[in-house]
Every structure is written in C-alpha cells, then in structure tokens.
Amino acid sequence: MKKRITFDKYGEMRFISHLDMLRFADRLLKKAHIPMKYTQGFHPRPKISLGNPVSLGTEAFNELMDIELSEMMTNEEVMERMNSAAVPGFKVTKVETIEDKRSIVDVYTNAIFEITGSKSDIDTLETLFSQEEIIERKEKKGKISERNLGERVKDFSRVDDTINLELVNTSPNSFLILAGVDIKDVHIIKKGYKI
C-alpha cells in the first residue's frame, strides 16, 4: 500500500539536507510504529522516496514523500502517528493512498518559490528573470558547457521586495549565483508544486 505524504519543513528543520531528510523520515516512521515495506538485499531499507532535493536553508511547504506500507492503515492514522512525535519544524498536513506507480519527480516537475530580500537584490533578480535567455556556463576538466536556465522559468512576478517563481526541476540558487546575489542575504520559501 503506497501513501503520499504532504509535509512542511520549516524553522530549524530547513537545515536538514536531502539525504538527512531520508534518514529522519526512517527514524520518524519507526518511532511512530508505522509498518514499512523494505527493499530486498544485504542492506534492506524502508521504501521511502522524496521529490527533488530542497536546497539547504530553504523552508519547504507542501513537500511530498511516498512510503510503502506492509500493513493496512488509514490515512488519518498515518498522519496522526507521524505528527504525534511533535518534531519542531516538521508537520504532516495530508496523507493520501495512491495507485500511481510514477515517482514524485515524474509527476511534480514545477515547483513554486518565493524569494524575499532587499530592494537592490530583488531588482537584480528581476532584471535577470526578465531576460529571454539566462545562460549558465560551467567549466569541468577544461571544457566549458552552457545551458539556458531561462527555459526552466515558467513564470515569475514581483510584489514589493518579493519575487514569486515557477521553476521546472531546478533550484533558485543557480539564478542567485548568476545574479551575484548572496544566498544568505535573501529568504527563500518553497511553497509547493504546480501540476
């Protein structure tokens, strides 16, 4: 039985990396006595999968996690048990049973972000997002590769000193680096996904 869990990760939990989030989920599910299905092999692991990684320091709301259960449980029971641990900065907001075999990454490609900062930083980012092409150049082993990040920006708007973004399978951090805006000087929130 496959369950899709919608959760919020905020406060101190925003400093938990993607890999640590998998370990955290494993411990939380054990603590909540949720009967998990495990992989086969020498090192069985619980069947847990997350969406695209969230950059360290980014608060994430309406994030998704898929788990596979070895026994029947209601959605309400899964949510109640996971929230009973009362982990600061982590809250399950919804649980649903799904039949879809596709992964979260295949279904949910477009993420919604909010970036808030000083007027000058937001002006710089607005100028960058207004360009038709946003070329990122990387050098690896003496070879320079280019990609157009502008193709990954599906929508953007500005309200005061906040930019709202819809990005396809990418993090806003790449754009901040290109714009020369220090990640520590802005506040990024991942608000969820757009289907």
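At a glance:
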quantity: Residue satisfying condition, being of a type in the set (Phe, Trp, Tyr), farther than 28 Å from LEU178 by Cα, crowded, with 18+ Cβ neighbours inside 10 Å and within 20 Å of the chain's Cα centre (by Cα), within set PHE113, PHE90; calculated: PHE90
quantity: Single unsatisfied condition, VAL107 versus (1) out of contact with any helix residue (DSSP H, G or I) (no Cβ under 8 Å at 6 or more places or on another chain); (2) more than 30 Å from ALA25 (Cα to Cα); (3) aliphatic (A, V, I, L, M); calculated: (2)
quantity: Qualifying residue in region 166-175 (condition: among the β-branched types (Val, Ile, Thr) and in contact with a Gly (Cβ under 8 Å, 6 or more places away or on another chain)); calculated: no
quantity: 3 or more residues surrounded by 18 or more Cβ atoms within 10 Å (Cβ to Cβ) and either in contact with a Pro (Cβ under 9 Å, 6 or more places away or on another chain) or among the hydrophobic types (A, V, I, L, M, F, W, C) (or both): qualifying strands (runs of 3 or more DSSP E) within region 1-86; calculated: 59-68
quantity: Total residues in region 33-80, condition farther than 25 Å from PHE113 by Cβ, in contact (Cβ under 8 Å) with a residue 24 or more places away in the chain and out of contact with any strand residue (DSSP E or B) (no Cβ under 9 Å at 6 or more places or on another chain); calculated: 3
quantity: Scan of region 140-162 for residues that are in contact (Cβ under 8 Å) with a residue 40 or more places away in the chain, closer than 15 Å to ILE115 by Cβ and in a strand (DSSP E or B), ordered by number; calculated: THR162
quantity: Filtered residues of region 118-139 (kept if charged (D, E, K, R), free of Cβ contacts under 8 Å to residues at least 24 places away in the same chain and in a strand (DSSP E or B)); calculated: ARG137, LYS138, GLU139
quantity: Single unsatisfied condition, THR170 versus (1) loosely packed, with under 12 Cβ neighbours inside 10 Å; (2) part of a loop (DSSP other than H, G, I, E, B); calculated: (1)
quantity: Residue in region 158-175 that is over 28 Å from LEU50 (Cα atoms) and out of contact with any helix residue (DSSP H, G or I) (no Cβ under 9 Å at 6 or more places or on another chain) present; calculated: yes
quantity: Among the residues listed as THR109, THR116, the single one being modelled with pLDDT of 95 or more, of a type in the set (Ser, Thr, Tyr) and out of contact with any Lys or Arg (no Cβ under 8 Å at 6 or more places or on another chain); calculated: THR116
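The values are calculated or read from the model by the stated rules, or taken from the named source; none is laboratory data. Only a predicted model underlies this, so the values are computations on that prediction, with no experimental measurement involved. A quick note on method: Cβ atoms are made from the backbone with ideal geometry, for glycine too, and the neighbour counts reach across all protein chains shown.
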